[in-house]
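Novice: Sending over a structure as structure tokens; questions will come in a sec.
The values are calculated or read from the model by the stated rules, or taken from the named source; none is laboratory data. Computed from a predicted structure; not experimentally measured. In this analysis, Cβ positions are derived from the backbone assuming ideal geometry, glycine residues included, and neighbour counts consider all displayed protein chains. These accessible areas exclude ligands, DNA and RNA; they are computed on the full protein's heavy atoms, side chains included. Shrake-Rupley method; radii C 1.70, N 1.55, O 1.52, S 1.80 Å.
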Amino acid sequence: MRLEVRDKITGIPVANVTRRNYVDYEIDYAEGRVLFRAPVSSVADTSTIISDGILNGNPVFVIVDYEFTDVPGAGVDVNTYGGRARAALGEKLSVGATYIQEERPAGTYSLEGGDVTVRLSDSTRATAEFSQSQNEALPQFLSTDGGLSFGQKSVPFGSRKAQAYKLELAAGKGPVKATGYFRHLDRGFSSSFTVAQDESDQAGVTLGFAMGKTGALSLLVDHKDVTGLATIRTSTLQYRQAFGRFGATVEARYRSTDNLASPDAAEGIGALRLDYRPTAKLDFYTRFQDDFLQEAGGSPATAGVKRQAAIGVDAQVSPKVTVKGELINGEQGDGALLGLTTRVDERTLLYGTYTLSPDHAGVMTGTLTAGAATSLGDRTRLYTEEQFKNSDREISTSTVVGMNTRLSERFTTGINVERTRLDGALAGPDTIRQAASVHASFAHALIKVFSKLELRHDEAPSPGPPSPAIDRDQWLAGTAVEMKLSRDFTILGRFNYGVTTDNLTDTDVTVFREQSAGVAYRPVAYDWIQVLARYTEVQNLPPAVQVATPEKKTDRVLSLQTVVDLHRRLSLAEKYAIRDRAIDQSVVTDLKSRLRLWINRFNYHLSDTWDAALEYRTLMMDEGGDNASDGFLFEVNRLFFGHLRLGIGYNFTEFTDNEFSANDYSAKGYFFRIQGKY
């Protein structure tokens with residue numbers, strides 16, 4: 001997940017900031033919900049003062065890449081692989097290469113590319129990139145209303161290869177700076193960053209001049225040609241000058257659009273911003289812009305549609321408090337922005353923002369977000385956030401409250417409460433979601449315990465026949481235990497239970513239960529042998545939308561694994577597992593089967609970093625259509641950095657070494673393995 005800032009004039013990404021789970025946001029995978037720890041602004045600061053919307057700035061997008069499981073029964077058996085390499089050839093030259101291939105039933109997608117960066121001098125750098133794709137990558141979806149709805153961005157299907165390339169030159173670090181760029185996208189080019197629905201060429205240049213000690217002149221010229229649609233030419237000229245505590249910025253922009261299917265258009269906008277800085281930490285400003293030129297089809301059109309005036313302030317009230325506020329009055333509507341961040345002390349941070357502006361449909365929307373995080377002593381942290389969004393189209397509120405505390409050096413607890421209400425004000429009914437969770441952990445040299453309990457309640461009236469109302473409870477509990485009986489023996493235990501109940505029909509929609517117990521024997525005096533035994537029982541009832549026929553599946557698995565060092569370079573690993581599976585179907589007689597898996601693996605230590613392995617495995621199925629299969633597996637792997645092992649091999653059999661998997665005889669072929677230790 002990342003935040004991408006795109007230039008409001010050229011549309012080219014100017015910044016990408018990766019967000020980290022548990023640090024910058026929390027994610028609920030089941031609900032597909034992401035909660036950021038701090039508000040994400042819809043715009044980022046920009047050096048230009050002319051605005052096409054109410055809030056000035058470069059637009060900010062939340063970009064999410066995710067993996068998903070294909071629809072059951074789709075019959076898809078494909079591979080995806082790729083790699084990226086980059087090398088510095090001396091101090092001034094670096095090269096990179098990328099290759100990706102995704103096999104698809106409708107046609108294999110491939111992407112190959114290369115890039116070169118040359119430092120011509122201390123202040124001059126040239127970059128060239130080339131990529132070529134065939135067919136479409138995984139679909140991309142775009143939401144303009146905060147995730148309420150999504151539209152797919154797709155490219156035309158075809159086997160023809162589509163190319164994309166970019167050339168960029170940046171020079172200057174003194175009073176004169178310049179950049180130039182050229183980008184080309186073929187129609188149908190597709191990658192995880194770009195979807196080219198039409199062929200386009202884009203070229204531009206930016207120039208910056210220092211005018212004395214307090215003045216600056218900048219120029220931007222951009223030309224974009226979208227084949228078959230339009231040609232857009234944009235020129236922006238800006239001059240900044242400081243006069244002691246006062247400052248002035250003058251900017252003019254001209255944009256012409258040659259459309260093939262509609263009348264051509266031209267637009268000219270001028271803007272003026274005046275600043276007054278009584279101190280280094282306080283800035284009062286006012287801004288005014290007016291579109292002095294509007295043309296359509298070569299004839300004058302109504303001007304003043306982008307006229308707006310604004311006043312604002314940026315202030316660092318104290319070393320711990322910063323304030324930002326702006327009021328906008330314009331022909332497109334009025335808007336406001338207010339933000340406050342307060343660091344009360346070294347332990348407490350308060351923040352809040354309020355924005356008022358039209359949304360993508362032109363509906364005036366106000367969004368208020370307030371939050372706080374504080375440390376109550378050295379062992380307890382309390383946090384809360386409240387968001388309220390109001391418009392003629394919808395009303396929504398969201399509240400999150402949580403606390404983590406360490407009662408002692410070994411005992412830690414936490415609690416979290418969340419409430420969300422979404423109101424479709426025009427026609428849809430209210431939806432109320434409430435969730436609460438509590439967790440605790442205990443760590444000792446002889447025993448470690450972690451336990452959690454979560455509850456979520458969803459409730460909404462029926463929007464009208466035939467759609468039913470919603471009254472649903474979800475429970476989730478989990479406990480993990482690790483106990484050392486001695487320095488050689490360790491007992492492991494785990495219990496997970498989850499159930500979703502429809503209170504209107506008094507039925508369980510989903511059920512999941514997992515319980516396991518195991519023992520590990522690793523004798524310190526005889527470190528050439530290791531033994532692990534485990535018993536696991538898993539019961540699963542998936543949601544009806546995921547399967548054609550609801551069925552409850554129960555697995556009981558007993559497994560035994562051992563590793564014996566036969567020589568300082570040779571070891572033998574044995575695994576034997578038995579799985580009894582029962583499928584309780586409502587339409588046919590219960591199905592039962594027994595799986596027996598036996599694996600013999602020899603590992604040979606070739607050197608300090610290289611290992612090779614040869615494996616013979618046997619799979620036997622009883623009761624569920626008796627059959628058996630056996631064969632070999634070969635693997636070579638290497639240790640990197642002392643803790644990362646990468647391997648590649650080939651599986652000559654058609655089944656895996658996982659006794660819990662379906663083992664549908666589709667695992668034959670090459671494989672790539674990554675192992676890490678810490």
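Novice: Keeping every protein chain present and rolling a 1.4 Å probe, give me the accessible area per residue for the range 156-234 in Å².
Specialist: Per-residue accessible area for the range 156-234 comes out at 55 Å².
Novice: Between Arg556 and Glu91, what is 0.36 nm times their sequence separation minus the Cα-Cα distance? Round to one decimal in nm.
Specialist: Between Arg556 and Glu91, full extension yields an extra 161.4 nm.
Novice: Another question, if that's okay. Output the pairs from Lys224/Lys306; Lys8/Lys306; Lys224/Lys324; Lys166/Lys306; Lys448/Lys677 with a Cα-Cα distance over 26 Å in this structure; if there are none, say none.
Specialist: Lys224/Lys324; Lys166/Lys306
Novice: Which order do you get for Leu541, Leu485, Leu340 if you rank them by accessible area with a 1.4 Å probe, largest at the top?
Specialist: Leu485, Leu340, Leu541
Novice: With label points built 7 Å along Cα→Cβ from the Cα atoms of Asp201 and Met1, find their separation and express it in nm.
Specialist: Output for this residue pair reads 4.1 nm.
Novice: Let me ask another. Once the piece of chain linking Phe246 and Ala126 is laid out straight, how much longer is it, given 0.36 nm per residue of separation minus the C-alpha distance between them?
Specialist: Contour length minus the Cα-Cα distance gives 39.4 nm.
Novice: What is the calculated FRET efficiency for Asn503 to Ile432, with r their C-beta to C-beta distance and R₀ = 22 Å, to the nearest 0.05?
Specialist: 0.95
Novice: Right, next: What is the distance, in nm, between label points placed 7 Å from the Cα along the Cα-to-Cβ direction at Leu282 and at Phe450?
Specialist: Label-label distance for Leu282 and Phe450, simple model: 5.1 nm.
Novice: For the pair Lys592/Thr413, report the inter-label distance in nm, with labels modelled 7 Å from Cα in the Cβ direction.
Specialist: Placing both labels 7 Å beyond Cα along the Cβ direction yields 4.6 nm.
Novice: What is the calculated FRET efficiency for Glu574 to Gln515, with r their C-beta to C-beta distance and R₀ = 25 Å, to the nearest 0.05?
Specialist: Calculated value: 0.45.
Novice: Something else about it: Using 0.36 nm per residue of separation minus the Cα-Cα distance, give me the extension gain between Phe61 and Ala15 in nm, one decimal.
Specialist: Extra length from Phe61 to Ala15 when fully extended: 15.5 nm.
Novice: How much solvent-accessible surface does Tyr497 expose, in Å² to the nearest 10, with a 1.4 Å probe and all protein chains in place?
Specialist: The accessible area comes out at roughly 80 Å².
Novice: From the residues Leu220, Phe189, Ile232, which one has its Cα farthest along the dipole of the range 154-242 in the positive direction, the dipole being from +1 and -1 charges on Cβ of Lys/Arg and Asp/Glu about the Cα centre?
Specialist: Projecting each Cα onto the dipole axis, the largest value belongs to Leu220.
Novice: Taking the Cα of Ala533, stepping 7 Å toward and past its beta carbon, and measuring to each backbone N in the range 563-582: which are under 20 Å?
Specialist: 563-565, 573-580
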